[in-house]
Amino acid sequence: MSNRRQIILISLAIAIVLTTAVCGVTSPTAVPIPEDTPLPTNSPLPTTTPLPATPTTAGNVDVGGYKLLYECYGEGLPTVIVEAGGGDKPVVSFTWKAVIQGVYNTTRICIYDRAEVRTSENAARDLHALLNNIPLSGPYIIVAHSLGGWHARVYTHLYPQDVAGLILVDTTTIYEDTIKILATAFPTYSPNEAPAITRNREDLLMAPSPSTFGALDLITSAEQVRQAGSLGDLPLIVISQNPGPDDWRGLDPIVRQQLAATILKVQTDLATLSSQGVFMVANTSDHFISMHDPQIIIDAIVRMVKEIDNH
């Protein structure tokens, strides 16, 4: 199963568990999707100064029987903390190199390799212990990708005084109507239908809902995210991938458009977690935006840094 389908299935599993949506906040400022925008065929890198040979600050910190490896680049406040996606260890994987390259001349940006934990609260408390033991002053801008968005939202709930802003990059969503919407987008089953249609339907709608992702308990973690609730007026930017024409191959173009619109809607709704929420769409249909459209993340970070500095 592809990474994209696995991420969607995780989102659907949480949609089954949760039935309470956050409400009572204003709508975000939406950035329209450009029409007929070509998708990149490679990984565009920002044209900025190369990374320094060594990090400004680096090391490993014991957070309770195990150590977390971290690296920080650049100087300045607020410090940006990257909360990577599930299974990603950015210190060794270099998945955030292009973003670091575009940010470290503006402010300090730090990455760390998260340990395997049981819940999002465990991850949040590990990050808090890490930040308390390295020479960095808060509050921080947290940039979270994929499943890391859950940990970041729980962290913000537990330690609101430590968070100056939050940027969610194609994060795993909690959305109660996703299954119903996706189900209505698919045609009724036919024994003569194309194999691609059957495969897509099974992957998205009929596969067993996962209860774990690695060591992470998805059901418990999802409940923790739900309890974290609204972000109030915290500066928030939500970045989504732009589902492209190659997604869900074999389906009717109208069905593909409906599925793409659903994915964008659940991401757009994340921006309503804060009255200051802003929604942006990346110029890539790939989930790994930090590698395939890093400039939009760089722009979001620089924008938020300036907004925080002006207040």
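The values are calculated or read from the model by the stated rules, or taken from the named source; none is laboratory data. Keep in mind the model is a prediction, meaning the values are calculated, not measured. We place every Cβ from the backbone using ideal geometry, glycine too, and count neighbours over all the protein chains shown.
Summary table below
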{"quantity": "Those residues of the stretch 284-311 which are polar (S, T, N, Q) and either without any contact (Cβ under 8 Å) to a residue 12 or more places away in the chain or under 26 Å from P78 (Cβ atoms) (or both), in sequence order", "calculated": "S290, Q295, N310"}
{"quantity": "Residue count, the stretch 63-96 (criterion: part of a helix (DSSP H, G or I) and out of contact with any strand residue (DSSP E or B) (no Cβ under 6 Å at 6 or more places or on another chain))", "calculated": "2"}
{"quantity": "For L234: the one exception among (1) among the aliphatic types (A, V, I, L, M); (2) farther than 18 Å from Y140 by Cα; (3) surrounded by fewer than 21 Cβ atoms within 10 Å (Cβ to Cβ)", "calculated": "(2)"}
{"quantity": "All positions within the stretch 110-157 that are in contact (Cβ under 8 Å) with a residue 60 or more places away in the chain, touching a helix residue (DSSP H, G or I) at 6+ places or on another chain (Cβ under 9 Å), more than 18 Å from A215 (Cβ to Cβ) and of a type in the set (A, V, I, L, M, F, W, C)", "calculated": "I141, I142, V143, A144, A152"}
{"quantity": "Complete set of residues in the stretch 161-170 that are touching a residue at least 24 places away in the same chain (Cβ under 8 Å) and more than 17 Å from the chain's Cα centre (by Cα)", "calculated": "D162, A164"}
{"quantity": "Yes/no for D299 being surrounded by fewer than 21 Cβ atoms within 10 Å (Cβ to Cβ), modelled with pLDDT of 95 or more, among the acidic types (D, E) and part of a helix (DSSP H, G or I)", "calculated": "yes"}
{"quantity": "Residue in the stretch 255-293 that is farthest from F186 (Cα to Cα), counting only those that are β-branched (V, I, T), touching a helix residue (DSSP H, G or I) at 6+ places or on another chain (Cβ under 8 Å) and part of a helix (DSSP H, G or I)", "calculated": "I289"}
{"quantity": "Any hit, the stretch 162-176, residues being closer than 21 Å to M304 by Cβ, surrounded by fewer than 23 Cβ atoms within 10 Å (Cβ to Cβ) and in contact with a Gly (Cβ under 7 Å, 6 or more places away or on another chain)", "calculated": "yes"}
{"quantity": "Residue within the stretch 261-283 that is under 16 Å from V82 (Cβ atoms), in contact (Cβ under 8 Å) with a residue 24 or more places away in the chain and crowded, with 23+ Cβ neighbours inside 10 Å present", "calculated": "no"}
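Results for (1) surrounded by fewer than 22 Cβ atoms within 10 Å (Cβ to Cβ); (2) modelled with pLDDT under 50; (3) not basic (K, R), shown as yes or no for each residue.
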| position | (1), (2), (3) |
| --- | --- |
| S2 | yes, yes, yes |
| L12 | yes, yes, yes |
| V17 | yes, yes, yes |
| S27 | yes, yes, yes |
| P50 | yes, no, yes |
| S93 | yes, no, yes |
| T106 | yes, no, yes |
| C110 | no, no, yes |
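Condition check ((1) of a type in the set (S, T, N, Q); (2) at pLDDT 85 or above; (3) farther than 21 Å from T119 by Cα; (4) outside any helix (DSSP H, G or I)) across all residues:
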| site | (1), (2), (3), (4) |
| --- | --- |
| I142 | no, yes, no, yes |
| A152 | no, yes, no, no |
| H157 | no, yes, no, no |
| I167 | no, yes, no, yes |
| T171 | yes, yes, no, yes |
| A183 | no, no, yes, no |
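Table: residues versus (1) part of a loop (DSSP other than H, G, I, E, B); (2) at pLDDT below 80; (3) in contact with a Ser or Thr (Cβ under 7 Å, 6 or more places away or on another chain); (4) hydroxyl-bearing (S, T, Y).
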{"position": "K180", "(1), (2), (3), (4)": "no, yes, no, no"}
{"position": "N192", "(1), (2), (3), (4)": "yes, no, no, no"}
{"position": "R201", "(1), (2), (3), (4)": "no, yes, no, no"}
{"position": "S209", "(1), (2), (3), (4)": "yes, yes, no, yes"}
{"position": "S221", "(1), (2), (3), (4)": "no, no, yes, yes"}
{"position": "V225", "(1), (2), (3), (4)": "no, no, yes, no"}
